[in-house]
Each structure stands twice: as C-alpha cells, then as structure tokens.
Amino acid sequence: MSRDRYDKKNLKITQWAALILQVLFVVLIFLPAGNLTDSRLPVNSLQMGLLYLKYGDWIHFIGGLLYCVPLLVLPVAIWLITFLRKTRSRYGVCIGMCSWEFISSSIFYTVVAHRMSGILTLKSCVCYAVVLLEILNAALFLHAFMLAWKKPN
C-alpha cells in the first residue's frame, strides 16, 4: 500500500516537473536568441521564425510554418492532454509531441544559423538551452510513462 502511494506521488511530481519545463520552454521562446546584423536589435525565436517566413521562398515558408505553428500550439496541447486524458497513453502522446518539439527546434536553429547568417547572428547558448530543455522534457514524460506502467489502463 505504501509503495503504491509512493508511485502515485512520484508520478505526480514527475508530471508537474515536465509541465513546468513546458512553461520554461515557452518563456525561452520569448527571450532574445539572436541579433539582427545591421541594427543589432535582439530577436527572439518566434521573430526568427517570422523572419524565416518573410525572407524565404516556398520551401522556407513551409519550414517556417512547421516551426512557428507548433511553437506555441504543442505546449498548450501537452498541458491539455496531460490533464484531460486518464490513461497511461497520455504520457506516450506527450513523449511524441516533445520529440516533435525538439526535432523541429534543432532543425530550425541549424537552418537559421546557415541560411540566415547574413541577417541574423544567433546566441548559441539560448538555442542549445531550448533544445536541451525539450529533450529533458521528453525524458521526464518517458519517466512518467514508465512510472504509470503498473497502473491499469
């Protein structure tokens, strides 16, 4: 009985830690992640995505949409799925969404660093922090999935 309570408590702590990391991820999106080369104005990740949409062709437009749309939609969806679903599969869905977040962010920052080097200068510490935070978030949801394994579906 005490082991069952400990697992539920540990599961809730892990779940809340992962959700707090999602909030930190959204905050990091609005922190300056680079500077414009001509005016030295700071630019956050969302503005980078919009610049990527503005200065690119159709391929860049599609790539920018694949980054900008999930940027704010996925954290909200993860919060809703975590609280609305009642089975262990919610953590599996959140793992997939967090994986989508860090893969799209990794690709986006790499492409921006190479293709928009004439317009932007990236602060690599912020970009690496965003990707590392997303990987850690996926690992926490994986841990929550494994803790909820004994629970009936």
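The values are calculated or read from the model by the stated rules, or taken from the named source; none is laboratory data. None of these values were measured; they are calculated from a predicted model. Here the Cβ is made from the backbone with ideal geometry for all residues, glycine too, and neighbour counts use every protein chain on show. We work out accessible area using only protein heavy atoms, side chains counted, and drop any ligands, DNA or RNA first. Shrake-Rupley method; radii C 1.70, N 1.55, O 1.52, S 1.80 Å.
For the chain, the carbon plus sulfur part of the accessible surface works out to 72%, probe radius 1.4 Å.
Checking (1) 64, 28, 20; (2) 52, 34, 22; (3) 56, 34, 25 against Cα extents along the principal axes in Å calculated from these atoms, the matching label is (1). Projecting the Cα positions of A18, S104, A148 onto the charge dipole of the stretch 9-153 (unit charges on Cβ atoms of Lys, Arg, Asp and Glu, taken about the Cα centre) puts A148 furthest along the positive direction. Each helix, a run of at least 4 DSSP H residues, gives -39500 (n - 2.57); summed and divided by the residues of the chain, these come to -27000 deg cm²/dmol at 222 nm.
Could you list the trypsin sites (Lys or Arg not before Pro) in the stretch 66-114 that lie in coil according to DSSP, counting only those with at most 10 other Cβ atoms within 10 Å of their Cβ? For trypsin sites (Lys or Arg not before Pro) across the stretch 66-114 that sit outside H, G, I, E and B with at most 10 neighbouring Cβ atoms in 10 Å, the list reads K86. Think of a 1.4 Å ball rolled over the protein heavy atoms: the chain then has 58 Å² of accessible area per residue. About the centre of its Cα atoms, the chain shows a dipole size close to 840 debye [charges on the beta carbon of Lys, Arg (+1) and Asp, Glu (-1) only; nearest 20 debye].
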